[in-house]
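Okay, structure first, notes after.
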Amino acid sequence: MVKICCIGAGYVGGPTMAVIALKCPSIEVAVVDISQPRISAWNSDHLPIYEPGLDDVVKQCRGKNLFFSNDVEKHVAEADIVFVSVNTPTKSQGLGAGKAADLTYWESAARMIADVSKSAKIVVEKSTVPVKTAEAIEKILTHNSKGINFQILSNPEFLAEGTAIQDLFDPDRVLIGGRETPEGLKAVQTLKEVYAHWVPEERIICSNLWSAELSKLAANAFLAQRISSVNAMSALCEATGADVSQVSHAVGKDTRIGPKFLNASVGFGGSCFQKDILNLVYICECNGLPEVANYWKHVIKINDYQKARFVNRIVSSMFNTVSGKKIGILGFAFKKDTGDTRETPAIDVCRGLLVDKAQLSIYDPQVSQDQMQKDLTMVKFDWEHPVLLKPASPTALKQVSFAWDAYEASKDAHGICFLTEWDEFKTLDFQKIYDNMQKPAFVFDGRNVVNPDKLRQIGFIVYSIGKPLDQWLKDMPAVL
Ligand code: NAD
Ligand code: UDX
């Protein structure tokens, strides 16, 4: 029986390995992590991450050919293929702080693999890493390995949170990069055979190591660039009376452009886009390509602009102050169908409103109160200027309460903001919400989840990203 071990039981390692176990009953899969609470949760009825369809897959395989364990070294030693799916955040101090990927976790995993291995292994980069990381990993493995043969492959993951299981079941492509040597090609073939259990052969792409590593950064940069492009258009739409949804529709009908990923929003979030673009920017700078670096930097600048613009719109339309006003925050996760809040635009929007002394009542169906409190008080890194951004002060947290549902969050509020596009928000009883709010009652829709015309008929003043503005908003010019 082929044995796979995956180091890192996070948003990628957990679901990816669960699907490999499900689709390959002849393979034994162990997912290991240094975090005990995480592993305990994977072994319980309450998985550590919320992902539609994941519970089902885990239930089908756990204890059969899928195991979650803290015994990292044992499972690594026994494995034929070791996936490394540890976190690779942006460095927050030292050389490259604010941009470069922090490979501390990766390096310690590689050193441990070298230490405990007694047999040949294929080591697979699953984490998103800077191009050329495989070379560094090879050095660590071969310098410490007592002559054991290691083949390094790059097999970046393209799943998106909220649709991870669907993406893993039916991927657009699986990418495997390896050395173009006989041993390298053999390792590529071995991993290919794993995916071939359920992925059609023509969707398994093989390339050299550097192309595979760079393709992952490039794909995320292209995706984020689309969002920043449509978000930049949304500002122009508001200034001109065009409707961004109509513009996206018309633009996306061009088969060369395509309709996906053109939804204007309060900004993209998630653990990947900003981190991976900054990583790309740093690599370009290190390779003497400042123009290319600046090009990609602007994707993030527009994203920051979009979040700031949203806050300015709220404050300016409410008579230039939100001091003491209750604002209901509907949705905190970075997108629907996940409880993940990493880099969620909600953090910046809430912090912006707290600075202006608003009283926030936050509701999200999947994010815990604890998590939101942590997010609002954590120290954030300003990627552009390597300084730490001030978190919301403990006193500012007194301005925050947490609600059980959207109705409680909006009760007696002056305004409500949609920051995540949860499906349940589409079917709210807006008449009831309106009746229970202060007047004028404002809706700020950062995800285009509501129908502005219907809400206006009820009496709301509505701001929807990139949509024609109410007369009220036109009369309250915002500094954008
Ligand atoms: P995560 O933080 O959810 O999980 C990483 C896990 O690795 C943590 O549980 C941590 O405890 C564990 N870990 C760290 N060092 C370890 C070590 N030395 N030994 C054992 N365990 C260790 O991260 P994630 O979201 O799963 O992302 C993992 C990688 O995949 C990142 O490089 C990310 O960029 C990439 N990626 C993420 C997504 C996504 O949607 N989250 C999608 C594609 C790629
Ligand atoms: C992303 C990539 O899509 C995935 O391929 C990669 O493996 C990891 O990073 P993820 O961050 O999980 O996945 O979610 P994604 O669906 O890409 O959304 C990212 C952010 O962009 C979210 O905040 C989302 O709301 C926003 N978004 C997405 C928009 O604002 N508009 C869109 O049209 C699409």
task = Tell me, yes or no, whether the stretch 82-102 has at least one residue that is within 19 Å of LYS146 (Cα to Cα) and among the polar types (S, T, N, Q).
result = no
task = Quick one: in the stretch 326-358, of everything that is among the small types (Gly, Ala, Ser) and crowded, with 24+ Cβ neighbours inside 10 Å, which residue is nearest to the chain's Cα centre (by Cα)?
result = ALA333
ask   = If only one of LEU22, LEU47 is away from ligand 1 (no atom under 13 Å from the Cβ) and either modelled with pLDDT of 95 or more or closer than 21 Å to GLY339 by Cβ (or both), which one is it?
value = LEU22
query = Does the stretch 38-60 contain any residue that is touching a residue at least 40 places away in the same chain (Cβ under 8 Å) and closer than 25 Å to SER211 by Cα?
reply = no
task = Could you list, in sequence order, all residues of the stretch 379-408 that are modelled with pLDDT of 85 or more, out of contact with any helix residue (DSSP H, G or I) (no Cβ under 6 Å at 6 or more places or on another chain) and among the aliphatic types (A, V, I, L, M)?
result = VAL400, ALA406
query = Within the stretch 259-271, restricting attention to residues that are within 16 Å of ligand 1 (Cβ to nearest atom) and surrounded by 23 or more Cβ atoms within 10 Å (Cβ to Cβ), which residue is nearest to ARG313 (Cα to Cα)?
reply = PHE268
Test: residue in the stretch 253-268 that is hydroxyl-bearing (Ser, Thr, Tyr), within 21 Å of LYS216 (Cα to Cα) and modelled with pLDDT of 95 or more = no
query = Which residue out of GLU125, GLU107 is of a type outside the set (Lys, Arg) and more than 16 Å from ligand 2 (Cβ to nearest atom)?
reply = GLU107
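Just the residues that are more than 16 Å from ligand 1 (Cβ to nearest atom) and either buried (at least 17 other Cβ atoms within 10 Å of the Cβ) or outside any helix (DSSP H, G or I) (or both), please, taken from the stretch 210-228.
GLN225, ARG226, SER228
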remark   = The strands (runs of 3 or more DSSP E) lying entirely within the stretch 367-441 that contain at least 1 residues which are charged (D, E, K, R) and surrounded by fewer than 20 Cβ atoms within 10 Å (Cβ to Cβ) are 380-382
remark   = The number of residues in the stretch 445-480 that are more than 20 Å from SER248 (Cα to Cα) and in contact (Cβ under 8 Å) with a residue 24 or more places away in the chain is 13
inquiry  = Based on this model, can you work out whether ALA250 counts as over 30 Å from LEU469 (Cβ atoms) and more than 16 Å from ligand 1 (Cβ to nearest atom)?
reply    = no
task = Scan (1) outside any helix (DSSP H, G or I); (2) away from ligand 2 (no atom under 14 Å from the Cβ) for the single condition CYS284 breaks and write down its number.
result = (1)
request  = List every residue pair whose Cβ atoms sit under 8 Å apart, with the two residues 6 or more apart in sequence or on different chains, where the first one lies in the stretch 286-299 and is among the charged types (D, E, K, R) and the second, anywhere, is surrounded by 14 or more Cβ atoms within 10 Å (Cβ to Cβ).
outcome  = LYS297/ILE277; LYS297/VAL281
request  = Select from the stretch 215-240 the residues that are in contact (Cβ under 8 Å) with a residue 24 or more places away in the chain and farther than 28 Å from TYR282 by Cα and write down the one among them that is nearest to ligand 2 (Cβ to nearest atom).
outcome  = SER234
message = Checking LYS454 against (1) in contact with a Pro (Cβ under 8 Å, 6 or more places away or on another chain); (2) part of a helix (DSSP H, G or I), only one condition comes out false. Which one?
response = (1)
query = Of the conditions (1) part of a helix (DSSP H, G or I); (2) within 12 Å of ligand 2 (Cβ to nearest atom), HIS249 fails just one. Which one is it?
reply = (2)
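Any chance the stretch 322-331 includes a residue that's farther than 17 Å from ASP382 by Cβ and within 12 Å of ligand 2 (Cβ to nearest atom)?
yes
Yes/no per residue for (1) within 16 Å of ligand 2 (Cβ to nearest atom); (2) touching a residue at least 60 places away in the same chain (Cβ under 8 Å); (3) within 26 Å of THR344 (Cβ to Cβ); (4) of a type in the set (A, V, I, L, M):
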position: ILE152; (1), (2), (3), (4): no, no, no, yes
position: LEU159; (1), (2), (3), (4): yes, yes, yes, yes
position: VAL174; (1), (2), (3), (4): yes, no, no, yes
position: THR190; (1), (2), (3), (4): no, yes, no, no
message = Considering only the stretch 105-117, I want to know if a residue exists there that is touching an Asp or Glu at 6+ places or on another chain (Cβ under 9 Å), within 9 Å of ligand 1 (Cβ to nearest atom) and at positive phi.
response = no
message = With the requirement that a residue be more than 20 Å from TYR11 (Cα to Cα) and in contact (Cβ under 8 Å) with a residue 40 or more places away in the chain, what does the stretch 192-214 give you?
response = VAL194, HIS197, TRP198, LEU209, TRP210, ALA212, LEU214
key: Extreme residue, nearest to the chain's Cα centre (by Cα), among residues of the stretch 148-199 that are among the acidic types (Asp, Glu) and surrounded by 16 or more Cβ atoms within 10 Å (Cβ to Cβ)   = GLU161
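The values are calculated or read from the model by the stated rules, or taken from the named source; none is laboratory data. Because the structure is predicted, anything quoted here is derived from the model rather than measured. Counting neighbours? That spans all protein chains shown, and the Cβs are built from the backbone with ideal geometry, glycine included.
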